[in-house]
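The structure appears below as structure tokens.
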Ligand SMILES: Cc1cc2nc3c(=O)[nH]c(=O)nc-3n(C[C@H](O)[C@H](O)[C@H](O)COP(=O)(O)OP(=O)(O)OC[C@H]3O[C@@H](n4cnc5c(N)ncnc54)[C@H](O)[C@@H]3O)c2cc1C
């Protein structure tokens with residue numbers, strides 16, 4: 001990212017779409033980074049996130065927050081940046097179509113250049129897509145969260161046998177979206193904001 005390029009100019013340069021399957025911490029984190037940085041992003045979620053059973057005392061930077069409250073804030077944040085969130089719409093199938101991916105839901109059919117899977121402990125869609133699994137029977141990903149199927153990423157609980165934490169899921173989603181952005185840019189992409197960006201976005205409402 002060059003210092004003399006504005007965020008708006010960076011967004012204008014991108015022309016790629018991302019479909020995120022699952023709107024727990026992993027999926028919403030991927031959606032936030034993708035949409036915020038100019039990728040056309042759609043999220044499908046059926047609201048069975050484990051976060052509704054959790055209360056977080058171990059999420060760095062947050063002292064104590066209920067899991068459902070955390071999800072409400074996360075959804076608002078993703079919506080505020082403009083992602084298209086389809087709450088309550090289940091994805092039934094994902095297929096390669098030669099030029100990207102087709103995602104089927106109970107209601108409609110969608111196409112995209114990239115797919116981010118974030119379906120919690122349910123790995124059925126990854127299996128149907130032909131993603132490789134590890135010896136411990138979780139989806140095999142690299143450090144950027146890309147699966148063995150090019151353009152398909154897997155994040156959060158579905159890539160770990162047991163070590164399940166919201167903070168890890170959020171990191172996975174961010175890593176996947178940043179890798180897609182780097183792919184599209186042809187160079188490593190940094191989503192770095194500075195105090196002037198906060199002033200630009202929040203203006204007089206900015207808290208000290
Ligand atoms: C009782 C309990 C307490 C916990 N306490 C903590 C804690 O204190 N701290 C902590 O860090 N973590 C805690 N966790 C773990 C934390 O909730 C998980 O690590 C986290 O939710 C995983 O995030 P994820 O995005 O990978 O999956 P999930 O949060 O499970 O989200 C997956 C989402 O994908 C959706 N989905 C699945 N399939 C589809 C489909 N086909 N189409 C559309 N949507 C789909 C689901 O409905 C769900 O909303 C706790 C979990 C439990 C069960």
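Structure notes:
- Within the stretch 132-185, considering residues that are under 15 Å from the mean Cα position of the chain (by Cα) and part of a strand (DSSP E or B), the one surrounded by the fewest Cβ atoms within 10 Å (Cβ to Cβ): 146
- Residue in the stretch 134-145 that is within 15 Å of the ligand (Cβ to nearest atom) and touching a residue at least 40 places away in the same chain (Cβ under 8 Å) present: no
- In this entry, residue 127 passes the filter for residues that are surrounded by fewer than 19 Cβ atoms within 10 Å (Cβ to Cβ), within 13 Å of the ligand (Cβ to nearest atom) and either over 21 Å from residue 28 (Cα atoms) or within 14 Å of the chain's Cα centre (by Cα) (or both).
- Any hit, the stretch 186-197, residues being surrounded by 13 or more Cβ atoms within 10 Å (Cβ to Cβ), within 11 Å of the ligand (Cβ to nearest atom) and over 12 Å from the mean Cα position of the chain (by Cα): no
- Residue within the stretch 168-185 that is near the ligand (Cβ under 9 Å from one of its atoms) and out of contact with any helix residue (DSSP H, G or I) (no Cβ under 7 Å at 6 or more places or on another chain) present: yes
- Count of the stretch 103-120 residues which are at pLDDT 95 or above and more than 15 Å from residue 173 (Cα to Cα): 9
- Yes/no for residue 203 being within 22 Å of the chain's Cα centre (by Cα) and not in a loop (DSSP other than H, G, I, E, B): no
- Just so you know, in the stretch 58-102 the residues that are at positive phi and more than 11 Å from the ligand (Cβ to nearest atom) include one that is modelled with the lowest pLDDT, and it is 98.
The values are calculated or read from the model by the stated rules, or taken from the named source; none is laboratory data. Please read these numbers as outputs of a predicted model, since none were measured by experiment. Every residue, glycine as well, gets a Cβ built from its backbone with ideal geometry; the counts of neighbours run over all protein chains shown.
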